[in-house]
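The values are calculated or read from the model by the stated rules, or taken from the named source; none is laboratory data. Only a predicted model underlies this, so the values are computations on that prediction, with no experimental measurement involved. Heads up, the Cβs are rebuilt from the backbone with ideal geometry, glycines too, and the neighbour counts pull from every protein chain shown. The area values use the complete protein model at the heavy-atom level, side chains included, leaving out ligands, DNA and RNA. Shrake-Rupley method; radii C 1.70, N 1.55, O 1.52, S 1.80 Å.
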Amino acid sequence: MPAGTAAQPARHSAYEDLIAIVVGTMFVALGVAIYTKAVLLTGSTAGLALLLQYASGIGFWWLFFVINLPFYVLAVKKLGWAFTLRTFAAVTLVSVLTRLTSGLVSFSHLDPLYAAVMGGALSGTGLLILFRHRTGLGGINVLAIYLQDRFGLRAGYFQLAVDLAILSAAFFVIPLDRLALSVLGAVVVNMTLAINHRPGRYLGVT
């Protein structure tokens, strides 16, 4: 390539997007299954769904799907139909796969520390795959973008506030040691994304 010529991003094909969404959601679903078994928590809408599951006994798969429904209107307005449809497909798949995974995988012993690290790594890797194919997995992200554009509220600060609120509420639902491990898991998820999902390191587009 001649000096000074910028590399052109390689556009993902439809089947590459499809495979990425299926594989990415499988990673996330397994991470959620591990978290559920170890009674751990994560952030965003997945964390809210897990918290409500622990408090009410209603299945994560149903709660996660329903919680995300109101945010699709915002997603269409702010991020377009293509992103919204891919995100709807991903959320639906995570809901279904989480339900199925409980019947496909079982643990006779699961160390909570290992669960926090491995569950976070699996979820972070799944999110990384989805993000690289312009697919989301949570309504809180969409709401954060809307509030930033509409009212100037920083999206990162809003998401942090939501995650802190979820973890604070979890204080009354899960043991303190599991809450601490949940924070560790959240760090693993975000470090996985921060290290691997950076501008210039991946040029594929959807």
Compare the Cα positions of ALA75, VAL117, THR92 along the charge dipole of the chain (+1 at Cβ of Lys, Arg; -1 at Cβ of Asp, Glu; about the Cα centre) and return the one farthest towards the positive end. ALA75
Binning at 10 angstrom from zero up to the longest distance, how are the C-alpha pair distances of the chain distributed in percent? 9, 33, 37, 15, 4, 1, 0
Degrees between helix 14-38 axis and first principal axis of the chain (Cα, 0 to 90, nearest 10): 20 degrees
Net length gained if the chain between LYS78 and LEU110 were fully extended (0.36 nm per residue, minus Cα distance): 7.4 nm
Once both labels are modelled 7 Å past Cα along the beta-carbon direction, what's the ARG154-VAL187 spacing in nm? 2.1 nm
Check: C-alpha center region 65-107 vs C-alpha center region 114-189, spacing in Å is 15 Å
Would you mind checking which residues have amide H under 5 Å from LEU41's amide H? H placed 1.01 Å from N; only 5 or more apart, or other chain. SER182
Within region 53-114, list the chymotrypsin sites (Phe, Trp or Tyr not before Pro) lying in a DSSP loop whose Cβ has at most 13 other Cβ atoms in a 10 Å radius. PHE107
Tell me the carbon and sulfur percent of the accessible area for region 26-177, rounded to whole percent, probe radius 1.4 Å. 70 percent
The chain: angle of helix 112-131 to the longest principal axis, Cα-based, in degrees nearest 10: 30 degrees
Give the angle, between 0 and 90 degrees and rounded to the nearest 10, that separates the Cα long axis of helix 176-196 from the longest principal axis of the Cα atoms of the chain. 10 degrees
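Let me know the Kirkwood hydrodynamic radius for region 122-189, please, with Cα pairs as the basis and the value in Å to one decimal.
Working: mean 1/r = 0.0740 Å⁻¹.
By the Kirkwood definition, the hydrodynamic radius is 13.5 Å.
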Put a dot 7 Å past each Cα toward the Cβ at VAL173 and ARG11; how far apart are the dots in nm? 4.3 nm
Of all C-alpha pairs within region 30-84, those more than 16 angstrom apart amount in percent to 46 percent
nm² value of the averaged projected area, convex hull over the Cα atoms of region 86-138: 4.1 nm²
Tell me, which longest segment in the chain has none of the trypsin sites (Lys or Arg not before Pro) that fall in DSSP loops with at most 14 further Cβ atoms within 10 Å? 1-153
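Size of the dipole of the chain about the Cα centre, Lys and Arg at +1 and Asp and Glu at -1 on the beta carbon, nothing else charged, in debye to 20?
440 debye
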Once you list every other residue whose beta carbon is under 13 Å from the beta carbon of GLY80, what net charge do they have if Lys and Arg are +1 and Asp and Glu are -1? +4
